[in-house]
1. Report the Stokes-Einstein translational diffusion coefficient (µm² s⁻¹, integer) for the range 8-51, Rh taken as the Kirkwood radius over Cα pairs, at 4 °C with viscosity 1.567 mPa s.
2. Using Cα springs under 10 Å in a Gaussian network model of the chain, which residue among Ala84, Ala93, Ala35 shows the largest mean-square fluctuation?
3. Longest segment of the chain with no GluC sites (Glu not before Pro) in a DSSP loop having at most 10 other Cβ atoms within 10 Å?
4. Treating the angle as unsigned and between 0 and 90°, give the value, to the nearest 10°, between the Cα long axis of helix 17-51 and the longest Cα principal axis of the chain.
5. Please report the net charge: other residues with Cβ closer than 12 Å to the Cβ of Leu64, K and R +1, D and E -1.
6. Could you give the C-alpha radius of gyration of the chain expressed as a fraction of 2.2 N^0.38 Å, taking N as the number of residues it contains?
7. In what order do Ser141, Ser81 fall by count of nearby beta-carbon atoms within 10 Å, going from fewest to most?
8. Counting each DSSP H run of 4 or more residues in the chain as -39500 (n - 2.57), what helix-only mean residue ellipticity at 222 nm follows after dividing by all residues, to the nearest 500 deg cm²/dmol?
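Rule-based calculations on the coordinates, nothing more; no lab input. Note that the structure is predicted; figures quoted are calculated from it, not measured. Please note: Cβ atoms are built from the backbone with ideal geometry, for glycine as well, and neighbour counts cover all protein chains shown.
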Amino acid sequence: MANESRPAAEAGEQLSPERRVFLARLSMVLAAIGALIVAIPVVGFILGPLFEKFPRVWRRVGALNDFKVGETVKVDFLDPSPLAWAGVAAKTAAWLRRTGEGSFVAFTLHCTHLGCPVRWIATADLFLCPCHGGVFYADGSVAAGPPPRPLPGVPVRVRDGQVEILASAVPLSRWRSR
Ligand code: FES
């Protein structure tokens, strides 16, 4: 009866050294398992996008006759792998120029310096980057400023009277690899 009323700490003093070591090790193992259960999904969430392969998808950007020969316009389309909750962030864009009856060229929107969106200035026949003054000629080659490479082209085709652009993920690796 007296034993039952003793505080737990006092009862713990009666544990043998072997039992204490066993309980200490058991608690360490359980703590390690708990940490792993929490860490694995977190690490997967952080590193997963680095290894994910995004599909490339042809996106319609308008009918052939929506575009005038010689004119450069910005066309919006959906990211190749839009997430259900992405909203307006799922939209991306490219600069598109009709060069002939059935021929087009397209360029990415992103400057090859640090990725700012470039603007087409029709009166100057140039793409300008607002961030650090990068300038590109109409064919995408670098005219001035810090951009190290031409504006990357984007594949474009005409199918059934519709102009289509090959949408791909934003090419962050191009800037990372500098
Ligand atoms: S991001 Fe375009 S010049 Fe720097």
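1. On the way: Rh = 13.0 Å.
After rounding, the answer is 99 µm²/s.
2. The residue with the greatest mean-square fluctuation here is Ala35.
3. On the way: sites that count: Glu4, Glu13, Glu52, Glu101.
No qualifying site falls inside 102-178, the longest such stretch.
4. On a 0 to 90 degree scale, this one is about 10.
5. Working: positive: Arg60, Lys68, Arg98, Arg157, Arg159; negative: Asp66, Glu101, Asp160, Glu164.
Summing Lys/Arg as +1 and Asp/Glu as -1 gives +1.
6. Numbers: Rg = 29.8 Å, N = 178, 2.2 N^0.38 = 15.8 Å.
Cα Rg divided by the expected 2.2 N^0.38 Å: 1.89.
7. Details: Ser141 11, Ser81 16.
Fewest to most other Cβ atoms nearby, the residues stand as Ser141, Ser81.
8. -8500 deg cm²/dmol
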